[in-house]
Amino acid sequence: MKAIVKRSVAIFCVWAAFLFLQGTAIGAEINIGVVGVLTGPSAYFGLDGLHGAEIAVKELNDAGGVNVGGTKYTVMLRTYDDEGNAAKAVAGMQRLKDKYNCPVILQNSSACILGMMEKNEKMNVLLSGYFRHPEATNKGNKLLLRHHIPTREDATSLANGVVKIFNAKTVALLSDVSDYGKGYVAAYTKLFNDLGVKIVANEWLDQRTQTDFRSQLTKIKAEKPDVIMLSAYDEASAGAVKQANELGIKTPIALTTGFQQMGEKLTGPDIIEGYIKPAEYNDITPLPPAVERYKTKLYPAMKYKEPMGLYGQIVYQNVHTIILAMQKAGSTTDPWKIRAAAPLVVPVDKKYNTTGFKAWKENGEGVMEQRLGQYKNGKLVVVLDYKK
C-alpha cells in the first residue's frame, strides 16, 4: 500500500511539475512600456505612436510569439497617459516598472524625456523613442536610445533650405514652449546667424492649452519676414497655418517633422502649397516595402479612427528593434544587456524597416539620412537630399 502511495505521489509531482513548466512557457511575457500623451490637444502625436506599437505587438504575437533563449514569449504592451506632462511621465515610468517590471519604456516626447532621464538608470529602465531634444544624448545616460535624429539636424536642413529655396534674408519664429520648440529655436538662432539671416520675430505658443494664435501671427505679420519657421505638432501647426491664411499672411512657412498626416488633413492641400518640411523615409518614391505594407495592410487592418501618421511607423520599427535586441542579448528583463545588443541588430530587415534608421552611436544617438520636401500639388516632394 505504501509503495502505491509513494508511486502516486511521485507521479503527481512529476505531472504537477510538467504543468508548471508548461504554464510558465505559455504564460511567459515580455513587458514593453509606452508612456506618452494619449489625451488632450496633442493626443494624436501619442496615439499614432501607440498604434504603431500595437501593430508591431500584434504582428509578433500572431506569428506565435517571440523566442528568446529557447523560451517562447507573448509580447505585452503596458501603457500610461502622461498628458504631455514631464512629472506625470516620471510617475508613469515608476508605475510601469513597479507593476510590470518593464525593462524598456518608449517615450517619444521631448517635453518629457529629460525628466525621465533623471531616474531611469537608477530604476533599471532603458528609454527609447523618437524624442527630438538635442541634448538628450549628450548627458551621459547609459540607458537611452534615440530612434531618430535630434532637432538640430532637422533645423540645419530647414535653415539651409529656406535660404536655397526662398532666398530668405529674414525669418520669424513661432514655436511651442516645450523643449521640442525650444530645441528648434536654439538651433535656428545659431544657424541663421551663421547664414547671415535676420530673425525679426520670435513668438511662442502652448500647444497643450492654446488654439488661438492670432496675436502671435499678427505681430509676425507686422515684421514682414521672408519665411515663418513654425515648430509645433500637428494640431497646433495646422491651427497656426489656417489662422495665418485667415489673416492674409502669404509668407511661406517652414514646418517641422511635428507636422504630419493629421496636420495635412486639418489644413487641406491648398493652404500648404509651396511650404517646406523635412521629408521622411515614407516620402520616398516608390515607397520602401515596409512602409507600403504598413500603409496598405497593417494600419488599415486595425481600423483605427485616427489617420495614419509617421509617428506610428517609427514606433512600429522601434518595437521590432527592441525585440531583436532582446533576442540578441538572450534576455527579456536586463536593460543593460538589451542596450548593449541594440546597435548590433540595426539596420533591421527591410520587412520591418519603416524609417530608414541606420545605426546607433555609442551615446545612443540615432543615425538617419536627411531629406527636405516641398508641398507641390498636394504631395510632399523631395527637393533636397542630404546623403550621409
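Restricting to segment 340-373, name every residue that is under 12 Å from Ala279 (Cα atoms), of a type outside the set (D, E, K, R) and crowded, with 20+ Cβ neighbours inside 10 Å.
Thr355, Leu372, Gly373
Checking Thr285 against (1) of a type in the set (Ser, Thr, Tyr); (2) modelled with pLDDT under 95; (3) touching a helix residue (DSSP H, G or I) at 6+ places or on another chain (Cβ under 9 Å), only one condition comes out false. Which one?
For Thr285, the exception is condition (3).
Name the residues in segment 335-388 that are closer than 30 Å to Asp270 by Cα, touching a Gly at 6+ places or on another chain (Cβ under 7 Å) and not in a loop (DSSP other than H, G, I, E, B), would you?
The answer is Leu372, Gln374, Tyr375, Leu380, Val381, Val382, Val383, Leu384.
Which of the residues spanning segment 73-111 are part of a strand (DSSP E or B), hydrophobic (A, V, I, L, M, F, W, C) and surrounded by fewer than 22 Cβ atoms within 10 Å (Cβ to Cβ)?
Kept after step one, since they are part of a strand (DSSP E or B), are these residues of segment 73-111: 73-81, 104-106.
Next cut, hydrophobic (A, V, I, L, M, F, W, C) only: 75-77, 104-106.
Those that are part of a strand (DSSP E or B), hydrophobic (A, V, I, L, M, F, W, C) and surrounded by fewer than 22 Cβ atoms within 10 Å (Cβ to Cβ): Met76, Leu77.
Looking at Gly330, Gly309 in this structure, which one is in contact (Cβ under 8 Å) with a residue 60 or more places away in the chain, surrounded by fewer than 18 Cβ atoms within 10 Å (Cβ to Cβ) and in the same structural domain as Leu96 (by TED's automatic domain parsing)? Working first, answer last.
Details: Gly309 fails: surrounded by fewer than 18 Cβ atoms within 10 Å (Cβ to Cβ).
Going through Gly330, Gly309 in turn, the sole match is Gly330.
For residues in segment 306-326 being small (Gly, Ala, Ser) and over 12 Å from Ala53 (Cα atoms), which is farthest from the chain's Cα centre (by Cα)?
Initial filter on segment 306-326 (small (Gly, Ala, Ser)): 309, 312, 325.
Filter again for over 12 Å from Ala53 (Cα atoms), leaving 309, 325.
Working: Gly309: 11, Ala325: 18 Å.
Here the residue is Ala325.
Taking the condition under 19 Å from Leu60 (Cβ atoms), touching a residue at least 24 places away in the same chain (Cβ under 8 Å) and not aromatic (Phe, Trp, Tyr), does Leu298 pass? Give the steps one after another, and end with the answer.
On the way: under 19 Å from Leu60 (Cβ atoms): yes; touching a residue at least 24 places away in the same chain (Cβ under 8 Å): yes; not aromatic (Phe, Trp, Tyr): yes.
When the stated conditions are applied, Leu298 passes them.
Give the residue that is farthest from Gly268 (Cα to Cα), with candidates limited to residues of segment 213-235 that are assigned to a helix (DSSP H, G or I) and touching a residue at least 40 places away in the same chain (Cβ under 8 Å).
Per the stated criteria, the residue is Glu223.
Table: residues versus (1) over 15 Å from the mean Cα position of the chain (by Cα); (2) under 27 Å from Lys139 (Cβ atoms); (3) small (Gly, Ala, Ser).
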| residue | (1), (2), (3) |
| --- | --- |
| Gly46 | no, yes, yes |
| Leu50 | no, yes, no |
| Gly64 | yes, no, yes |
| Gln94 | yes, yes, no |
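Would you tally the residues in segment 327-344 being under 23 Å from Gly52 (Cα atoms) and small (Gly, Ala, Ser)?
2
Restricting the search to segment 207-222, which residues are more than 21 Å from Pro252 (Cβ to Cβ), at pLDDT 95 or above and either surrounded by 14 or more Cβ atoms within 10 Å (Cβ to Cβ) or more than 28 Å from the chain's Cα centre (by Cα) (or both)?
Result: Ser215, single match.
Considering only residues that are assigned to a loop (DSSP other than H, G, I, E, B) and either crowded, with 24+ Cβ neighbours inside 10 Å or at pLDDT 95 or above (or both), which ones fall in segment 254-279?
Here is the first cut: in segment 254-279, the residues assigned to a loop (DSSP other than H, G, I, E, B) are 256-260, 268-275.
Answer for segment 254-279, where residues must be assigned to a loop (DSSP other than H, G, I, E, B) and either crowded, with 24+ Cβ neighbours inside 10 Å or at pLDDT 95 or above (or both): Thr256, Gly258, Phe259, Gln260, Gly268, Pro269, Asp270, Ile271, Ile272, Glu273, Gly274, Tyr275.
Taking Val68, is it surrounded by 16 or more Cβ atoms within 10 Å (Cβ to Cβ), over 20 Å from Lys303 (Cα atoms) and in contact with a helix residue (DSSP H, G or I) (Cβ under 8 Å, 6 or more places away or on another chain)? Explain how you work it out, then say what you get.
Details: surrounded by 16 or more Cβ atoms within 10 Å (Cβ to Cβ): yes; over 20 Å from Lys303 (Cα atoms): yes; in contact with a helix residue (DSSP H, G or I) (Cβ under 8 Å, 6 or more places away or on another chain): yes.
Yes, satisfied.
So which of Asn138, Asn120, Asn167 is surrounded by fewer than 17 Cβ atoms within 10 Å (Cβ to Cβ), over 14 Å from Glu365 (Cβ atoms) and not aliphatic (A, V, I, L, M)? Walk me through how you get there before you give the answer.
On the way: Asn138 fails: over 14 Å from Glu365 (Cβ atoms); Asn120 fails: surrounded by fewer than 17 Cβ atoms within 10 Å (Cβ to Cβ).
After ruling out the rest, the residue left standing is Asn167.
If Asn141 satisfies every condition in (1) in contact (Cβ under 8 Å) with a residue 40 or more places away in the chain; (2) part of a helix (DSSP H, G or I) but one, which is the exception?
Only one criterion in (1) in contact (Cβ under 8 Å) with a residue 40 or more places away in the chain; (2) part of a helix (DSSP H, G or I) is unmet by Asn141, namely (2).
I'm checking my understanding of the structure. Among residues of segment 223-279 that are among the acidic types (Asp, Glu) and within 17 Å of Lys376 (Cα to Cα), which one is farthest from the chain's Cα centre (by Cα)?
First pass over segment 223-279, keeping only residues among the acidic types (Asp, Glu): 223, 226, 234-235, 246, 264, 270, 273.
Right, trim to within 17 Å of Lys376 (Cα to Cα) and you get 264, 270, 273.
Details: Glu264: 18, Asp270: 28, Glu273: 26 Å.
The residue in question is Asp270.
What number of residues within segment 157-171 satisfy the criterion of being more than 14 Å from Ser231 (Cβ to Cβ) and assigned to a helix (DSSP H, G or I)? Don't jump to the end; show me each part of the working.
Applying the first criterion (more than 14 Å from Ser231 (Cβ to Cβ)) to segment 157-171 yields 160-161, 163-170.
Then keep just the ones that are assigned to a helix (DSSP H, G or I); that gives 160-161, 163-166.
Looking only at that region, the number is 6.
Could you tell me which of the residues Ile228, Ile272, Ile249 is touching a Phe, Trp or Tyr at 6+ places or on another chain (Cβ under 7 Å) and closer than 21 Å to Asn167 by Cα?
Exactly one residue qualifies, and that residue is Ile272.
Given the residues Ala201, Ala238, Ala186, Ala244, which is the only one that is over 17 Å from Leu372 (Cβ atoms), part of a helix (DSSP H, G or I), in contact with a Pro (Cβ under 8 Å, 6 or more places away or on another chain) and without any contact (Cβ under 8 Å) to a residue 60 or more places away in the chain? Spell out how you get there, then give the answer.
Working: Ala201 fails: part of a helix (DSSP H, G or I); Ala238 fails: in contact with a Pro (Cβ under 8 Å, 6 or more places away or on another chain); Ala244 fails: in contact with a Pro (Cβ under 8 Å, 6 or more places away or on another chain).
Testing whether each residue is over 17 Å from Leu372 (Cβ atoms), part of a helix (DSSP H, G or I), in contact with a Pro (Cβ under 8 Å, 6 or more places away or on another chain) and without any contact (Cβ under 8 Å) to a residue 60 or more places away in the chain leaves just Ala186.
Kindly establish whether Thr251 is assigned to a loop (DSSP other than H, G, I, E, B) and of a type in the set (Val, Ile, Thr). Walk me through it before giving the result.
Working: assigned to a loop (DSSP other than H, G, I, E, B): yes; of a type in the set (Val, Ile, Thr): yes.
Considered against the rule, which asks whether it is assigned to a loop (DSSP other than H, G, I, E, B) and of a type in the set (Val, Ile, Thr), Thr251 comes out as yes.
The values are calculated or read from the model by the stated rules, or taken from the named source; none is laboratory data. None of these values were measured; they are calculated from a predicted model. Glycine gets a Cβ as well: all are built from the backbone with ideal geometry, and neighbour counts include every protein chain shown.
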